[in-house]
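Chemist: Below is a structure I'd like to ask you about.
Read the figures in this text as sums done on the coordinates, not as results from a lab. If you're wondering where the values come from, they're calculated on a predicted model, not measured in any experiment. All Cβ positions, glycine included, derive from the backbone under ideal geometry; neighbour counts span all protein chains shown.
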Ligand code: FES
Ligand code: FES
């Protein structure tokens, strides 16, 4: 795949392009079949043209987007087919977001988009324009861990650690909506994130601890 990194690292502030993601929660997202269907549902850019007149996009053709990631704006040239996961990791070097199944099943790639946990592998980068994206790097307070990260360390909520970045982002997103959840609510809220090591009990305890730390 062509590397446009040099072009893409122009990080000057620019005008925002509001492409809303209204009504699309992670749960709703999970029931949608495939990235293409999601795109047609939410992207003004891609459904503005009637299908019969739709312009063909050639492989390698680039389009401009401005992304707001962790409070910083990035002007990028992207291929419309690129996922947010690919752009975060391969174009911007934000490797805190991990690659797992790349098919919307494991939750390893979870990021927060407009306060809702979303799978970055199932989100086209053009969909994410005009939203506020938070990645694992955005939870840091300078060199210090944020409260959810600290709670995972304190509760020993990982074994191999591969799912952990996604679990942390799911907890962060969940607690933004429900700052004082019950155990059952945590289990339901975290159901989109799998842990092959089976550390679920500790992960639930970490979510409870994170809620406490966030209230301090
Ligand atoms: S890598 Fe995105 S859900 Fe598995
Ligand atoms: S800690 Fe190993 S997959 Fe979750």
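Chemist: Name the one entry in 178, 188, 205, 193 that is under 22 Å from residue 118 (Cβ atoms) and out of contact with any helix residue (DSSP H, G or I) (no Cβ under 7 Å at 6 or more places or on another chain).
Modeler: 188
Chemist: So, one more: Just one of the numbered conditions (1) away from ligand 2 (no atom under 16 Å from the Cβ); (2) surrounded by fewer than 17 Cβ atoms within 10 Å (Cβ to Cβ); (3) more than 20 Å from residue 140 (Cα to Cα) is not true of residue 83; which one?
Modeler: Here residue 83 clears every test but (2).
Chemist: Applying the selection to region 145-162, what residues are away from ligand 2 (no atom under 16 Å from the Cβ) and over 20 Å from residue 93 (Cα atoms)?
Modeler: 146, 147, 150
Chemist: Just for region 151-174: of the residues that are within 16 Å of ligand 1 (Cβ to nearest atom) and in a loop (DSSP other than H, G, I, E, B), which one is farthest from residue 108 (Cα to Cα)?
Modeler: That would be 160.
Chemist: Follow-up question, since we're still on this one. Among the residues of region 86-96 satisfying the criterion of being touching a strand residue (DSSP E or B) at 6+ places or on another chain (Cβ under 8 Å) and surrounded by fewer than 24 Cβ atoms within 10 Å (Cβ to Cβ), which is nearest to residue 175 (Cα to Cα)?
Modeler: My answer is 94.
Chemist: Determine whether residue 121 is in contact (Cβ under 8 Å) with a residue 40 or more places away in the chain, closer than 23 Å to residue 176 by Cα and within 11 Å of ligand 1 (Cβ to nearest atom).
Modeler: Judged against the criteria, residue 121 is not a match.
Chemist: Based on what the data block shows, is residue 200 in contact (Cβ under 8 Å) with a residue 60 or more places away in the chain and surrounded by fewer than 22 Cβ atoms within 10 Å (Cβ to Cβ)?
Modeler: In short, no.
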